[in-house]
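A.B. asks: Once you've had a glance at the structure underneath, I'll fire off some questions.
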Amino acid sequence: MRLADSHCHLIYKGLGEQQPEVLARAREAGVVAMLNISTRENEWDDVIAVAEREPDVWASVGIHPHEADQHPDIGTARLVERAQHPRVVGIGESGLDYYYDHSDRDRQRASFRAHLAASRETGLPIIVHTRDAEDDTAQILRDEMGRGAFPGVIHCFTASSAFADTALELGFYISISGIVTFKNARDLQETAARLPLDRLLIETDAPFLAPVPHRGRTGEPAFVADTCRFLAQLRGEDPEQLAEATRQNFHKLFAKTLA
């Protein structure tokens, strides 16, 4: 299999201390592309540095909704400026998280809109985090799309089937994480089984959410192969073909990876 891990955090605790070994295991498992995601400004340089060093790793710049309160000065212009780096291929992750509410909801919404404007201005995909905030996420995406189109992905999808339809209607891709392998994820499994193949991505969100049979361990990009095999069985597809399709989708969405 030749796989793309569309969302991982290679500098986070559990991966950063053993990054060469983590990358070696990923490559041995067939992972040929990884997107290293940032969640706060003080990560940007380190995330980009990995992408500069490793030819199969790319970077994003963004502020996670949990961090919105701590970054009131990070607006569209700053994101656009850093996105000019040749190894930065996406904006985010950004979005809304009403489950934890670590940041004020108005501040989350303002930050999200700034990221969407940066996506529209640069043409780079927005990487959307949404949890317990489907209605507001959909409303903001529709509103901002009305101001001019932008590409994007709903990362680590766990939302409703109806929200999946909304995302697809807006032209978004949907990325499935190791959560789909969990026994209690039946609703997600039903949604993942019917997603159109040409809009599907796979991710690990490593070091989080290790899939079965690694659950409870530190997640790493190599485990995207396990999620791919599970998802292929769920959808009645060949794992090799699913891996290839999702890898091609990754490069189609994050087109700057082909530059």
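The values are calculated or read from the model by the stated rules, or taken from the named source; none is laboratory data. Predicted model, so just to flag it, every value in this text is computed and none were measured. Please note: Cβ atoms are built from the backbone with ideal geometry, for glycine as well, and neighbour counts cover all protein chains shown.
A.B. asks: Scan the stretch 94-108 and tell me whether some residue there is surrounded by fewer than 24 Cβ atoms within 10 Å (Cβ to Cβ), within 22 Å of I154 (Cβ to Cβ), touching a residue at least 24 places away in the same chain (Cβ under 8 Å) and of a type in the set (A, V, I, L, M).
C.D. replies: no
A.B. asks: A further question on this structure: Tell me, yes or no, whether the stretch 38-55 has at least one residue that is crowded, with 23+ Cβ neighbours inside 10 Å and in contact with a helix residue (DSSP H, G or I) (Cβ under 8 Å, 6 or more places away or on another chain).
C.D. replies: yes
A.B. asks: Check G148 against each of (1) at positive phi; (2) assigned to a helix (DSSP H, G or I) and name the one condition it does not meet.
C.D. replies: Unmet condition: (2).
A.B. asks: Still on this structure, please answer the following. Do any residues in the stretch 237-259 that are without any contact (Cβ under 8 Å) to a residue 24 or more places away in the chain have Cβ atoms under 6 Å from those of residues that are part of a helix (DSSP H, G or I) and surrounded by 14 or more Cβ atoms within 10 Å (Cβ to Cβ), where the two are at least six apart or on different chains, and which pairs are they?
C.D. replies: L258/H251
A.B. asks: So in the stretch 124-140, with the set limited to residues that are under 16 Å from the mean Cα position of the chain (by Cα) and closer than 18 Å to R105 by Cα, which one is surrounded by the most Cβ atoms within 10 Å (Cβ to Cβ)?
C.D. replies: Result: V128.
A.B. asks: When you check G75 against the structure, is it of a type outside the set (V, I, T), crowded, with 16+ Cβ neighbours inside 10 Å, at pLDDT 95 or above and at positive phi, yes or no?
C.D. replies: No: the conditions fail for G75.
A.B. asks: Do you know which residues across the stretch 175-201 are under 15 Å from A245 (Cβ atoms) and not in a helix (DSSP H, G or I)?
C.D. replies: Correct list: S175, I176, L195, P196, L200, L201.
A.B. asks: T204 - would you say it is outside any helix (DSSP H, G or I) and either in contact with an Asp or Glu (Cβ under 6 Å, 6 or more places away or on another chain) or polar (S, T, N, Q) (or both)?
C.D. replies: yes
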